[in-house]
Amino acid sequence: MIRSADELAEQAGDWSLMRMLLERPDGNWRQRLLTESKDTVDPELTSAVQMAQAEANDYFHQVLFGTDGLLTSRESEYRFERDRGAVLADLEGMSERFGFSWNGSEAADHILALVGLMAHILSLRANAVRDNQIGEAIYLEGIAEWLRRGHLAWFAEQVTSALNSTQVCYLSHVAHALEQRILPVGERGKPARRPSASIHDLKP
């Protein structure tokens, strides 16, 4: 059953909000969070936005996500069975195919870039449903599932566990929101994920 355009737009908005919550705080970051969160109905994300107003700071973000940071944030760091170049080629190919431009400095397999890409794919799917392009919407649903299982699921448990271990409340709420979307209850705790096919093998 295809979800409504409004439901899909809400999903895309939540993914976009999660990406923003994981970004480095800048001058107007807190206000942008408040604006971005107006339409969310997810209590985890609402709490994360509220707590981030007081907890977030640039130094802590650098300690966590920086070059020598505490959090291993790239998918390829967990993909010992697959060459890093192949992982990046898949994600860069997907970004190019669907017109996703990542304005951050992180690599395409970084958690921030992947969460942003998912938000973009879901937004395209919402537009397809709104325009009654059902075939395109079904195709994009498959792409989103490929991105979830073939890429995000490979390191979601490690990333969310690391975010939780910081004992920073807003990051713990983001971790829970991510885990709920990437790893349904039946998939958690499994030692391996289904290997991802190449983006080039997926046809509309």
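What follows draws every value from the coordinates through simple rules; no lab data is involved. Every value quoted in this text rests on a predicted model; they were computed, and no experiment measured them. A quick note on method: Cβ atoms are made from the backbone with ideal geometry, for glycine too, and the neighbour counts reach across all protein chains shown.
Using alpha carbons only, how many angstrom separate the centre of the range 17-80 from the centre of the range 102-143?
So the two Cα centres are separated by 20 Å.
Tell me the chymotrypsin sites (Phe, Trp or Tyr not before Pro) within the range 54-155 that lie in a loop according to DSSP and have at most 16 other beta-carbon atoms within 10 Å.
When the chymotrypsin sites (Phe, Trp or Tyr not before Pro) of the range 54-155 are filtered for loop state and at most 16 Cβ neighbours within 10 Å, Phe80, Phe98 remain.
Please give me, ordered by residue number, the GluC sites (Glu not before Pro) of the range 62-168 that lie in loop per DSSP and have at most 12 other Cβ atoms within 10 Å. Could the numbers behind the result be given before it?
Details: sites: Glu75, Glu77, Glu81, Glu92, Glu96, Glu106, Glu136, Glu141, Glu145, Glu157; in loops: Glu81, Glu106.
The qualifying sites are Glu81.
Rounded if a/c is under 1.5, else prolate if a/b beats b/c, else oblate: with a ≥ b ≥ c from the C-alpha gyration tensor eigenvalues square-rooted, which is the range 5-201? Spell out each step's value before the answer.
On the way: a/c = 1.59, a/b = 1.16, b/c = 1.38.
Taking the square roots of the gyration eigenvalues as a ≥ b ≥ c, the range 5-201 is oblate.
Taking Cα pairs under 8 Å and at least six residues apart, what relative contact order does the chain come out at, in percent?
Result for the chain is 29 percent.
Loop only per DSSP, at most 16 neighbouring Cβ atoms within 10 Å: give me the trypsin sites (Lys or Arg not before Pro) in the range 73-145, ordered by residue number.
Those that pass, being in a loop and sparsely packed, are Arg82.
Enumerate the residues in the range 84-109 having an amide nitrogen under 14 Å from the point lying 7 Å beyond the Cα of Gln133 toward its Cβ.
Those under the cut-off are 97-100.
Using just the helices of the chain, give the 222 nm mean residue ellipticity in deg cm²/dmol: DSSP H runs with n ≥ 4 each add -39,500 (n - 2.57), and the total is spread over all residues, rounded to 500.
-19000 deg cm²/dmol
From the residues Val174, Gln133, Ala54, which one has its Cα farthest along the dipole of the chain in the positive direction, the dipole being from +1 and -1 charges on Cβ of Lys/Arg and Asp/Glu about the Cα centre?
Farthest towards the positive pole: Gln133.
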